[in-house]
Each structure stands twice: as structure tokens, then as C-alpha cells.
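Okay, structure first, notes after.
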Amino acid sequence: MKQLSETAQKIKNMEIRGAGRIARAAAAGLRDYSQRIGIGKLEEFNNKMIEAARLLISTRPTAVSLPNAVRAVMRYKGDSIDEAKANIKELADGFILNSESAVLKIGEIGAHRIRDGDTIMTHCNSSAAISIMAAAHKGGKNISVIATESRPRWQGHLTIRQLDETGIKTSLIVDSAVRYFMKEVDLVVMGADAVTANGSVINKIGTSQLALAAHEARKNVIIAAETYKFSPKSLLGELIEIEERNSSEVIADEKLREFSNVSVKNPAFDVTPREYIDLICTEVGAIPPEMAYFIIKEYLGWGLGDMDQGLK
Ligand code: RI2
């Protein structure tokens with residue numbers, strides 16, 4: 001359990017971050033843990049796997065890619081521990097491979113929406129969104145990017161590094177400057193941590209105000225999201241929990257202690273209604289947000305009436 005707990009800890013403290021990356025890390029974590037479980041009864045093995053799955057899912061509450069990845073692996077079958085282990089390995093490796101190719105496919109599909117000379121605004125650090133920009137650049141389109149810092153964790157610094165390495169001209173701006181620069185923008189491209197059945201997108205805090213500014217300026221907003229970021233549980237009416245992170249990400253503890261009447265609110269994500277989103281670019285096609293239910297039904301195997309899906 002030690003290695004699995006370490007993976008869980010890394011996801012929690014965001015050493016491993018990004019909705020797609022944490023999904024792949026969880027699948028790999030479950031796979032490796034399963035292979036290390038010693039001889040015993042199949043039932044004990046299954047219980048240990050459920051315990052491990054729960055631990056991973058509890059690390060970050062918002063990114064739906066995490067429980068979806070865990071569920072993809074926990075569908076394993078086997079009449080013996082050896083069979084179960086083999087099937088877990090197959091499912092986890094399959095998930096990881098599909099996830100990596102989904103990011104590339106999203107790049108290919110999304111790049112069609114980018115024109116030569118476009119200025120793209122992005123927020124936070126999304127590998128799926130960057131895949132679109134990288135594919136457009138690789139396809140010979142002369143694009144430039146305006147990237148936000150993405151306080152309080154500064155994921156924008158990861159974005160500018162990746163874009164710089166790709167050779168894309170990039171400007172870094174403070175989060176509060178998105179409306180100021182919207183007039184220079186042709187298109188907004190961002191990632192997602194979750195997409196609900198009604199087509200709302202949950203992504204890094206600030207996404208909804210950027211989308212609102214784009215809507216006001218009549219600029220298109222494209223969300224890059226693999227199918228495993230769609231939330232089956234939203235079909236049951238469940239709301240996506242918005243992760244509230246530690247105040248020390250915003251202000252140092254000793255500084256905060258100087259005040260008697262001040263507290264910090266630090267939600268990591270917000271919800272962008274589908275009205276502000278033109279397209280969700282998935283690996284199976286670019287869809288309007290209204291088609292989210294179709295993705296959940298066709299690609300995640302959940303439809304209306306499937307009320308009973310647990311970990312297995
Ligand atoms: P990819 C990140 O969350 C950001 O909100 C980003 O837009 C989203 O995951 C998707 O990232 P965090 O882990 O899967 O930084 O596209 O809180 O890389």
C-alpha cells in the first residue's frame with residue numbers, strides 16, 4: 001500500500017496534476033498495486049482493490065477523469081487472483097494508451113478550428129488544449145497565444161514553458177486582464193476537469209469569467225476534453241463537488257494571522273454554463289455542449305436508468 005499511498009499523496013498535493021494526468025496516474029497506481037498483492041483469497045484481493053480505488057478517488061473531488069479512470073480499471077473480472085491481475089493490467093494499460101492517443105486526436109480535430117494568424121487565449125495548463133495549439137502550429141499555421149498566470153498555483157507558467165518549447169509566440173498576462181485583452185483574441189481554447197450531462201464545463205477557477213468575457217465580445221470558446229472527463233454521475237442529478245484548497249495557496253499563514261476578521265476562500269474550479277461554450281472537442285469528435293449526454297451514454301456506458309453503478 002505504501003507506493004499507492006505515495007501516488008495518492010502526489011495527486012492530492014498536485015505534484016501530479018492536470019485532469020488527464022491524474023487519471024493515468026490512478027490507473028497505473030491501481031495496476032501496480034494489484035500486481036504487488038500477495039497470495040490470498042480472491043475476495044480479500046477484491047476488497048484490497050476496492051480500498052485502493054477509494055483512496056485514489058478521495059484525493060481530488062472535482063476532476064471526473066479520476067473516478068472514471070478508476071472505474072475503467074475496476075471493471076476487471078477473473079475467477080482467480082492471477083486472472084484478475086492480468087485483466088487489471090490489460091484494462092489499465094488500455095486506459096493509459098487510449099488517454100494518450102485521445103489527447104493527440106483532440107489536437108488533430110481541434111486544429112481544424114484554428115485559422116492562420118489566430119490569437120488564442122488559454123487559461124491554466126491543459127494538455128488537451130495545448131495539443132490543439134501545438135497541432136495547429138505544426139500544421140503550419142502562424143498562431144500566437146495569450147496565457148493567464150492562473151493564480152494561485154501558477155499553472156500558466158507550465159503553459160508558457162510548453163508553448164515556448166513548441167515555438168509558439170506567447171504573452172503571459174495576469175488573470176484579471178482577460179477582458180482587457182479580449183479584443184485581440186480570435187478564439188479561446190481551454191481544458192476541462194469535468195463536463196456534466198447538461199453540457200456545463202467545470203475547469204480551473206477563472207474559466208467562467210474568461211468565457212463570459214469571450215461571450216460578451218462574441219469570440220468562440222472551445223473546450224478540449226477527453227470523453228472520460230464527462231460525468232456519468234451528473235445523470236443522477238449529482239452536482240460536481242468544487243474542490244476548496246488550503247488558504248496558504250493564496251496568502252502565507254503568518255500573514256493571515258495578522259488579521260482578526262479575515263478568512264480566505266480558495267475554490268480551485270468553477271462552472272461555465274453551456275451557453276458560453278461553442279464546442280467541446282473530444283477524441284471522438286467536436287460536439288456542441290448539448291450533446292454531452294450522448295458521450296456519457298455511448299462512451300462511458302451509462303444511460304438514464306443506470307442508477308446502480310458502484311466501484312465494480
Ligand atoms: P488536462 C487542471 O486542473 C486544469 O483545470 C486544466 O484545465 C484541467 O486540469 C485539464 O487538464 P489542476 O490539476 O487534462 O491544475 O487537459 O487543478 O491536462
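Please verify whether E243 is within 24 Å of S99 (Cβ to Cβ) and modelled with pLDDT of 95 or more, treating the condition exactly as stated.
Spelling it out, E243 is indeed within 24 Å of S99 (Cβ to Cβ) and modelled with pLDDT of 95 or more.
Return yes when L97 is buried (at least 22 other Cβ atoms within 10 Å of the Cβ), within 30 Å of M190 (Cβ to Cβ) and at pLDDT 95 or above and no when it is not.
Judged against the criteria, L97 is not a match.
Is region 173-191 home to any residue that is buried (at least 23 other Cβ atoms within 10 Å of the Cβ) and out of contact with any strand residue (DSSP E or B) (no Cβ under 7 Å at 6 or more places or on another chain)?
For region 173-191, residues buried (at least 23 other Cβ atoms within 10 Å of the Cβ) and out of contact with any strand residue (DSSP E or B) (no Cβ under 7 Å at 6 or more places or on another chain): absent.
Each row is one residue, and each column tells you yes or no for (1) in the same structural domain as I240 (by TED's automatic domain parsing); (2) open to solvent by 40 Å² or more (accessible area, probe 1.4 Å); (3) of a type outside the set (K, R).
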| site | (1), (2), (3) |
| --- | --- |
| G29 | no, no, yes |
| M49 | no, no, yes |
| A52 | no, no, yes |
| R60 | no, no, no |
| V64 | no, no, yes |
| S80 | no, yes, yes |
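Sort through S247, S208 and tell me the only one that's more than 20 Å from the chain's Cα centre (by Cα), surrounded by 15 or more Cβ atoms within 10 Å (Cβ to Cβ), over 16 Å from E290 (Cα atoms) and more than 11 Å from the ligand (Cβ to nearest atom).
Exactly one residue qualifies, and that residue is S247.
In region 282-300, what residues are outside any helix (DSSP H, G or I), out of contact with any strand residue (DSSP E or B) (no Cβ under 8 Å at 6 or more places or on another chain) and open to solvent by 20 Å² or more (accessible area, probe 1.4 Å)?
Hits for region 282-300 are E283, V284.
For region 216-244, give me each residue that is farther than 22 Å from S65 by Cβ and either in contact with a His (Cβ under 6 Å, 6 or more places away or on another chain) or open to solvent by less than 90 Å² (accessible area, probe 1.4 Å) (or both).
Correct list: A217, K219, N220.
Would you tally the residues in region 111-139 being out of contact with any strand residue (DSSP E or B) (no Cβ under 7 Å at 6 or more places or on another chain), outside any helix (DSSP H, G or I) and within 16 Å of the ligand (Cβ to nearest atom)?
The total comes to 1.
Quick check on my filter: what residues within region 9-32 are more than 14 Å from the ligand (Cβ to nearest atom) and under 17 Å from E243 (Cα atoms)?
Q9
In region 1-26, what count of residues is obtained for those that are touching a Gly at 6+ places or on another chain (Cβ under 9 Å) and open to solvent by less than 50 Å² (accessible area, probe 1.4 Å)?
7
Against the definition (assigned to a loop (DSSP other than H, G, I, E, B), at pLDDT 95 or above and open to solvent by less than 10 Å² (accessible area, probe 1.4 Å)), how does I88 come out, yes or no? I'd like the intermediate steps shown before the answer.
Details: assigned to a loop (DSSP other than H, G, I, E, B): no; at pLDDT 95 or above: yes; open to solvent by less than 10 Å² (accessible area, probe 1.4 Å): yes.
Considered against the rule, which asks whether it is assigned to a loop (DSSP other than H, G, I, E, B), at pLDDT 95 or above and open to solvent by less than 10 Å² (accessible area, probe 1.4 Å), I88 comes out as no.
Against the conditions (1) in a loop (DSSP other than H, G, I, E, B); (2) touching a helix residue (DSSP H, G or I) at 6+ places or on another chain (Cβ under 7 Å), where does E238 fall short? Just the number, please.
Only one criterion in (1) in a loop (DSSP other than H, G, I, E, B); (2) touching a helix residue (DSSP H, G or I) at 6+ places or on another chain (Cβ under 7 Å) is unmet by E238, namely (2).
Return yes or no: is L66 in a helix (DSSP H, G or I) and over 20 Å from G191 (Cα atoms)?
No: the conditions fail for L66.
Would you mind finding the one in S263, S248 that is hydroxyl-bearing (S, T, Y), at negative phi, outside the structural domain of K77 (by TED's automatic domain parsing) and not in a helix (DSSP H, G or I)?
S263
Could you tell me whether region 140-150 includes any residue that is among the charged types (D, E, K, R), surrounded by fewer than 17 Cβ atoms within 10 Å (Cβ to Cβ), modelled with pLDDT of 95 or more and outside any loop (DSSP other than H, G, I, E, B)?
There is no residue in region 140-150 that is among the charged types (D, E, K, R), surrounded by fewer than 17 Cβ atoms within 10 Å (Cβ to Cβ), modelled with pLDDT of 95 or more and outside any loop (DSSP other than H, G, I, E, B).
The values are calculated or read from the model by the stated rules, or taken from the named source; none is laboratory data. On a predicted model such as this, the values are computed, not experimentally measured, just so you know. Note that each Cβ is placed from the backbone with ideal geometry, even for glycine, and that neighbours are counted across all protein chains shown. All accessible areas refer to the heavy atoms of the entire protein, side chains included, with ligands and DNA or RNA removed. Shrake-Rupley method; radii C 1.70, N 1.55, O 1.52, S 1.80 Å.
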